[in-house]
Structure formats: structure tokens, C-alpha cells
1. Right, Val39: in contact with an Asp or Glu (Cβ under 9 Å, 6 or more places away or on another chain), over 19 Å from Val118 (Cα atoms) and outside any loop (DSSP other than H, G, I, E, B) or not?
2. Can you tell me which residues in segment 85-108 are buried (at least 17 other Cβ atoms within 10 Å of the Cβ) and over 20 Å from the mean Cα position of the chain (by Cα)?
3. Starting from residues that are under 16 Å from the mean Cα position of the chain (by Cα) and not charged (D, E, K, R), keep the ones in segment 59-78 and report whichever is farthest from Ile106 (Cα to Cα).
4. Hey, Val114 hits all of (1) more than 19 Å from Leu136 (Cα to Cα); (2) at pLDDT 90 or above but one; which does it fall short on?
5. May I ask you to say which residue of Ala27, Ala53 is among the small types (Gly, Ala, Ser), more than 19 Å from the chain's Cα centre (by Cα) and either modelled with pLDDT under 85 or surrounded by 12 or more Cβ atoms within 10 Å (Cβ to Cβ) (or both)?
6. Are there any pairs, at least 6 apart or on different chains, whose C-beta atoms fall under 9 Å, with the first in segment 52-76 and within 18 Å of Glu135 (Cα to Cα) and the second among the polar types (S, T, N, Q) and surrounded by 13 or more Cβ atoms within 10 Å (Cβ to Cβ), and if so, which?
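The values are calculated or read from the model by the stated rules, or taken from the named source; none is laboratory data. Remember, predicted model here, so these are calculated numbers, not experimental data. Cβ sites come from the backbone with ideal geometry, for glycine too, and all protein chains shown count toward neighbours.
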Amino acid sequence: MSEAKPPDRVLPDEPKFRPLERFWPYADLPEEPTEEELVRINPALREVLFGAAPLPFSISIVFPRFDGPEYAKAIERAKASDELVEFTQDGRAFHRARFFPGDRPIRLRELWEVVGLVEGVDVLIDDRPLPYARELWLPLVWFLIR
């Protein structure tokens, strides 16, 4: 008795055509990340992957999305920063506004006046949370304002 082919087999025993050697359903992604992707990477992860970036001293204010009329004002003032990134962490949307030295102390203070009392705001010095960043570092920067 000859054995019959199982009825649940989908492919033929001998294919009628040869598949292409490309991965059609997948996007053609570049091997190197773009500048926009690099900006969006968490600063701590960026330092581990690529080493310390040769950036000048910076102060960043990280604030969550919040309700109220002050949110639009906060976004407007955050856009005056040197670098503004929106990211999601634990299901919450955050904004990171980075300020480099120069004429930024006024812009930094203007943003802080809007978001300083919002719950979940963090101040980063060179992308790191340092002790007394709110209580010591920011008032020291305010002294630079003439």
C-alpha cells in the first residue's frame, strides 16, 4: 500500500518558483541611527552606547505633560531651549528642554517659573540628576542674570 500525502500539507513537494533573496515585507533601514533618533535616546543610554558626548555644560528641565493653561506657555518657553525632546516613560509623556551656556539663564528661568511647581519635574545637570539641583544649581544660575 502506498502512503497518501497528509491532507493538511500546504506547500507542494517541489516548488514551482524560487523565492527572491530580499526580505520584501521589511523596511530598508539605515545601519546608522539618524541625528533625530540619537537626540531621542535617553542621555544615560546614549553615554553607555557611544561614550560621553563632547557637549558643553548643560542644564535640562524635564517636565511631564500636565493639564491647565500654563502647559501651552511651558511648551512655548521650552521651544526657546537649545534642544527640546518629547519622550514617553512608563506611559507618561515628558518634555526635556536642554539649555547650554550663553544667554540661556533668562530662558531657563522663564521655563522654571512656569513648571517649577508641577509634580514630576526634574532638573538635570549634564543629563544627570544631581543632589540639590533645584535648591543650589538653579539659584547659582540665576546669579548670572544681569
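1. For Val39, the condition - in contact with an Asp or Glu (Cβ under 9 Å, 6 or more places away or on another chain), over 19 Å from Val118 (Cα atoms) and outside any loop (DSSP other than H, G, I, E, B) - is met.
2. Of everything in segment 85-108, those that are buried (at least 17 other Cβ atoms within 10 Å of the Cβ) and over 20 Å from the mean Cα position of the chain (by Cα) turn out to be Arg104, Pro105, Arg107.
3. In this case the residue turns out to be Pro64.
4. (1)
5. Step by step, each of Ala27, Ala53 is checked, and only Ala27 is among the small types (Gly, Ala, Ser), more than 19 Å from the chain's Cα centre (by Cα) and either modelled with pLDDT under 85 or surrounded by 12 or more Cβ atoms within 10 Å (Cβ to Cβ) (or both).
6. These pairs meet every condition: Ser60/Ser81; Ile61/Ser81.
Okay, residues lined up against (1) crowded, with 17+ Cβ neighbours inside 10 Å; (2) of a type outside the set (Gly, Ala, Ser); (3) more than 22 Å from Glu35 (Cα to Cα):
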position	(1), (2), (3)
Ile61	yes, yes, no
Ala74	yes, no, yes
Glu83	no, yes, no
Val114	yes, yes, yes
Leu124	yes, yes, no
Leu140	no, yes, yes
